Amino acid sequence: MSLFGDPLYQWRETFLVLFQKEQRPRIEIVQQALEGIGDFDFEERSVSEEGLFESLTITSEVDLVGMEILYVEGEEVQEEVESLTSQIIEDDLLSPEEGQLQRVTRATARFDILHFERLTGSSGDADDDEEYLDPGSLLAVAAELAKIVDGVAMDPGSGTFI
């Protein structure tokens with residue numbers, strides 16, 4: 001079941017990790033890496049016939065978050081890359097970010113990391129609590145996934161690299 005269908009979770013944001021599809025990892029590598037950075041429960045996982053990563057749902061009772069991580073490749077990725085690169089102004093980039101932008105332009109695959117907040121009975125209206133959602137777990141997961149696939153993690157809403 002998707003966290004979108006779970007009344008205990010509310011979607012907050014989506015981050016991306018862009019990379020070359022030849023770097024697509026096996027599910028065991030992803031799970032082992034994520035176990036090393038947080039106290040996550042692994043809810044659902046999907047793999048290709050070759051054992052390569054397709055999707056994973058993780059939750060953390062400690063951080064009150066859930067994340068759905070999805071593998072995407074093909075035309076949809078190319079359209080996303082074109083959209084992102086057209087929004088980023090090269091003159092505004094810091095020196096290390098220029099290399100990241102070049103890697104984004106060569107991306108042929110991506111991970112979508114959908115970040116959910118676990119709602120609690122005491123939180124009232126979740127929209128009022130948005131400013132209190134700690135993005136630490138999301139940032140750690142995005143950075144770790146980028147490391148595994150030699151990719152670039154970014155917030156597509158702001159066009160910033162992680």
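The values are calculated or read from the model by the stated rules, or taken from the named source; none is laboratory data. Because the structure is a prediction, the values reported are computed rather than measured. Reconstructed Cβ throughout: ideal geometry from the backbone, glycine too, with neighbour counts over all protein chains shown. Ligands, DNA and RNA are stripped out before the accessible areas are found, and what is left, the full protein with its side chains, is counted by its heavy atoms. Shrake-Rupley method; radii C 1.70, N 1.55, O 1.52, S 1.80 Å.
Miscellaneous remarks
- In degrees, nearest ten, helix 75-87 long axis to first principal axis of the chain (Cα): 80
- Label point 7 Å beyond Cα of ARG103 along Cβ direction - residues of the range 29-44 with amide nitrogen under 18 Å: 30, 33-34
- Whole-Å semi-axes of the ellipsoid equivalent to the chain (Cα gyration tensor, √5λ, descending): 26, 20, 14
- Accessible surface of the chain, 1.4 Å probe, proportion on carbon and sulfur as whole %: 46
- Straightening the chain between SER48 and SER158 buys 36.4 nm, computed as 0.36 nm per residue apart minus the Cα-Cα spacing.
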